[in-house]
């Protein structure tokens with residue numbers, strides 16, 4: 001029995017690779033978008049991974065996108081977009097590097113009055 | 001990280017000089033291509049690349065002698081990664097190879113682990129192709 005323990009404890013010098021766990025952050029955001037307008041929010045991705053965005057509430061189908069914040073003037077330069085109706089499953093799921101990102105909700109040209117919306121962003 | 005935002009027209013190309021301060025990985029990421037006049041994105045493939053900056057007798061960067069190119073659609077992860085050596089003036093290039101039918105704002109940005117090594121060099125341009133250097 002002693003021999004077995006000795007072998008198990010000293011028989012291998014193979015280093016193990018530390019596991020890396022990327023903590024997922026969830027952010028909830030609600031606002032409104034006007035006819036012809038846009039509404040944006042920035043967030044920080046701390047490590048490469050997947051960004052998911054779920055439009056959980058809205059009174060209409062809206063444009064939904066993820067991109068990079070504009071350098072000047074506010075707003076968002078979009079890299080990924082969908083036409084989104086509210087639901088419980090993510091409408092956007094996209095790989096992203098670490099850094100500043102943004103989500104934007106925009107009128108698809110159908111709004112006649114401002115519409116409130118709510119969404120959830122999950123990211124590393 | 002350097003980031004370049006600009007407008008590109010169909011059949012047009014644009015380049016952005018940058019310097020490398022120390023050896024390391026340089027990544028180029030075409031992150032966004034969007035219409036000028038409305039929200040949304042343009043679904044198109046552009047050619048991104050890097051090369052050596054071409055200078056005139058006065059030291060002005062007048063061109064980009066491309067060393068590596070690839071075609072890429074906008075994404076939020078880097079499309080081009082290479083190890084560049086310091087003490088050379090480089091350029092990032094973006095070109096429409098037929099995919100653009102309307103003028104679009106493009107954004108090329110580089111995230112990756114925002115290495116300070118990038119800024120050991122001198123930024124010579126800013127505008128939407130971005131180069132980020134990691135160690």
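Overview of values
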quantity: Positions within the stretch B:1-51 being touching a helix residue (DSSP H, G or I) at 6+ places or on another chain (Cβ under 9 Å), surrounded by 21 or more Cβ atoms within 10 Å (Cβ to Cβ) and either closer than 19 Å to residue A:80 by Cα or within 13 Å of chain A (Cβ to nearest Cβ) (or both), in sequence order; calculated: B:2
quantity: Residue in the stretch A:57-77 that is surrounded by fewer than 17 Cβ atoms within 10 Å (Cβ to Cβ), modelled with pLDDT of 95 or more and not in a loop (DSSP other than H, G, I, E, B) present; calculated: yes
quantity: Any hit, the stretch A:42-59, residues being at the interface with chain B (Cβ under 10 Å from one of its Cβ atoms), within 25 Å of residue A:109 (Cβ to Cβ) and in contact with a strand residue (DSSP E or B) (Cβ under 7 Å, 6 or more places away or on another chain); calculated: no
quantity: All positions within the stretch B:66-78 that are more than 18 Å from residue A:95 (Cα to Cα) and touching a residue at least 24 places away in the same chain (Cβ under 8 Å); calculated: B:66, B:69, B:71
quantity: One residue from A:118, A:47, A:95 being within 13 Å of the chain's Cα centre (by Cα) and modelled with pLDDT of 95 or more; calculated: A:95
quantity: Subset of the stretch A:85-103 [within 16 Å of residue A:53 (Cβ to Cβ), surrounded by fewer than 23 Cβ atoms within 10 Å (Cβ to Cβ) and within 13 Å of another protein chain (Cβ to nearest Cβ)]; calculated: A:92, A:93, A:94, A:95, A:100, A:102
quantity: Evaluation of residue B:64 against (1) modelled with pLDDT under 90; (2) within 13 Å of the chain's Cα centre (by Cα) (one fails), failing number; calculated: (1)
quantity: Residues within the stretch B:75-114 that are under 24 Å from residue B:53 (Cα atoms), modelled with pLDDT of 65 or more and either within 14 Å of chain A (Cβ to nearest Cβ) or crowded, with 16+ Cβ neighbours inside 10 Å (or both), tallied; calculated: 13
quantity: Among the residues listed as A:25, A:38, the single one being within 8 Å of another protein chain (Cβ to nearest Cβ), surrounded by 13 or more Cβ atoms within 10 Å (Cβ to Cβ) and modelled with pLDDT of 95 or more; calculated: A:38
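The values are calculated or read from the model by the stated rules, or taken from the named source; none is laboratory data. Given the structure is predicted, the values throughout are model-derived calculations rather than measurements. Methodologically, a virtual Cβ is constructed for each residue, glycine included, from the backbone with ideal geometry; neighbour enumeration extends over all protein chains shown.
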